[in-house]
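For reference, the structure is listed below as structure tokens.
Taken together, the values in this text are just the output of simple stated rules run on the coordinates, not laboratory data. Every value quoted in this text rests on a predicted model; they were computed, and no experiment measured them. Because the Cβ atoms are built from the backbone with ideal geometry, glycine has one as well, and the counts that use them run over all protein chains shown.
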């Protein structure tokens, strides 16, 4: 059976669409949209190769040999890996024909590895398959008729509303303003009582499998039914006079309300090194600031996850209502589902899922992936509401099983790959890529991936090589772990589905990537000799 983006691989041609690149951090902060700023990289632990400020943009890659027959590919790849380019590391590699499924090369392909952000391949493929590319995440306002005295209250002229959040990770302060504008346009000047319904997601907002360090960072923001600005807040550390602590400046001054700051940072001489560390307590509004910046140096931006997502949302909503001249009375939080009987009076919807997949895969947005997994569970298994994460994993595995992916070839515990308890084999990733390529959503999924030398997390890799523009991939990296899976179009061979998973190394990820990239370059030199 032939598969492809437009009715068959034989007629497949490479997309020349311009890369989708997210706005720079400062522009995002200025617009109030932090949801794209909190995941500058999919790297859960700091790594210079994923930092836009890093000078390491395209590590040197050894010159690859000329074209060779597919039967010679194992020798080419084994020669590279058997030389142990990264001591004591473990490599899993699988190369298969996307169309026929023929294996061109396999190395520990059926064994479990920690996939890092390659786990997003499972999340996005399952969500796209189950919910469809047109699916949107809706945040709604209804007249609240859930109380026994609702009718009497309405007769008395009281306005009682219920806001229902459904886990939109893209919602911004500006979109909240659009929602409250709809209320003002209807002549609503006062809300006597507002109920914020957070029952769509159930269970932990922070995955218990995540490392403490990751849950402290903006890329590890909590996942909740109501979210705004990526469930994160921005601040800056500003150098002062020599010897003085760095000054903490909140991007939105309202975000700093109630915070206690334990500031042990300092401003140092121009000859000293610079580093910063910002941590927050989980049980109270306490911010610990450490590190040092040089006198006269630029302020250092920091992004931290909110401690109480629902309260954060309510505060943003209250301010938006106030700006519209709408008085907000008492606010209640409902955590158990209630049947909605009244019509929707205002709403905000996300972009279609086809658009949300792009930042999720190409830019590796953790919050997007985590929200998608829970939405998948809520939509597919609404009766399993006690734990949205567990329901999402169940729905994910059921969906991929229907596509033909073996359920015992991977074991997810989250949607983003942030947890080190995630397990996946190269075969599970390749078969997921092949499975989604046989569906009507093939092109939507492929276009959500980063493009070698052009966009997303592959923008600065494979430039000026034969792979540029010929690899659509999902990258992944946490300390000691690196991954790359995707679609490769060799110039002289039908398209391939590939996966490279590397675990158990004690060096920076940037030392592993040249070997990974060289493997891909050699795969790209395969030609059909039959």
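Rounded to the nearest 10 degrees, what's the angle between the helix 353-362 long axis and the longest principal axis of the chain, both from Cα atoms, 0 to 90?
60
Does anyone have the angle between helix 119-131 and the longest principal axis of the chain? Alpha-carbon axes, 0 to 90°, nearest 10?
Once rounded, the angle reads 60 degrees.
With a 10 Å Cβ neighbour count serving as the proxy for reagent exposure, in which order, fewest first, do 91, 210 appear? Can you show the working numbers first?
Numbers: 91 25, 210 22.
Final ranking by Cβ density, sparse to dense: 210, 91.
Listed highest first by mean packing, meaning other Cβ atoms within 10 Å per residue, what order do 389-402, 246-259 come in? List each step's numbers first, then the result.
Numbers: 389-402: 20.6, 246-259: 14.9.
By packing density, highest mean first, the sequence is 389-402, 246-259.
Determine which residues of the range 477-494 fall in the zone a paramagnetic label at residue 88 would reach in this model, i.e. backbone nitrogen under 20 Å from the point 7 Å along Cα→Cβ.
478-483
Which percent, nearest 5, of DSSP beta bridges in the range 137-350 are antiparallel?
On the way: 25 of 43 bridges.
DSSP beta bridges in the range 137-350 are roughly 60 percent antiparallel.
When DSSP beta bridges are limited to those with both residues in the range 232-359, what percentage is antiparallel, rounded to the nearest 5? Mind dumping the intermediate values first?
Numbers: 16 of 23 bridges.
Percent antiparallel among DSSP bridges in the range 232-359 is about 70.
Applying a 10 Å radius around every beta-carbon, put 195-204, 422-431, 268-277 in order of their mean neighbour count, most first. Mind dumping the intermediate values first?
Details: 195-204: 20.6, 422-431: 26.3, 268-277: 11.9.
Averaged packing, sorted descending, gives the order 422-431, 195-204, 268-277.
In nm², what is the average projected area of the convex hull enclosing the Cα atoms of the range 128-266?
Numbers: hull surface 53.7 nm².
About 13.4 nm², averaged over all directions.
How would you order 167-175, 291-299 from highest to lowest mean count of nearby Cβ atoms within 10 Å? Don't jump to the answer; show the numbers that get you there.
Values: 167-175: 21.6, 291-299: 15.4.
In descending order of packing, they fall as 167-175, 291-299.
Per-residue ellipticity at 222 nm for the chain, helices alone: DSSP H runs ≥ 4 residues times -39500 (n - 2.57), over residue total, nearest 500 deg cm²/dmol? Show your work: numbers first, answer last.
Details: 13 runs with 136 residues, N = 530.
My calculation for the chain gives -7500 deg cm²/dmol from helical runs alone.
Enter the Cα centre distance for the pair the range 169-183 and the range 438-469, rounded to the nearest angstrom.
33
How would you rank 88, 434, going from fewest to most other Cβ atoms within 10 Å of each one's own Cβ?
Values: 88 9, 434 21.
Final ranking by Cβ density, sparse to dense: 88, 434.
Please give the helix 173-185 orientation as an angle from the longest Cα principal axis of the chain, in degrees from 0 to 90, rounded to the nearest 10.
40
If every alpha-carbon in the range 319-438 counts as one equal scatterer, what log10 I(q)/I(0) does Debye give at q = 0.14, 0.17, 0.19 1/Å?
-0.78, -1.03, -1.20
How high is the relative contact order of the range 137-350, in percent, with contacts defined as C-alpha pairs under 8 Å that are six or more residues apart? Please report the intermediate quantities before stating the final value.
Values: 443 pairs, mean separation 65.7, N = 214.
Rounded, it is 31 percent for the range 137-350.
As a test, work out the antiparallel percent of DSSP beta bridges whose residues both lie in the chain, rounded to the nearest 5. Please list the in-between numbers first.
Details: 58 of 79 bridges.
Just about 75 percent of them are antiparallel.
Which one, (1) 13; (2) 44; (3) 17, gives percent of Cα pairs over 46 Å apart as derived from the coordinates shown?
From the options (1) 13; (2) 44; (3) 17, the structure gives (3).
Based on C-alpha coordinates, I'd like the Rg and Dmax of the range 276-330, in Å.
When restricted to the Cα atoms of the range 276-330, Rg and Dmax are 16.6, 47 Å.
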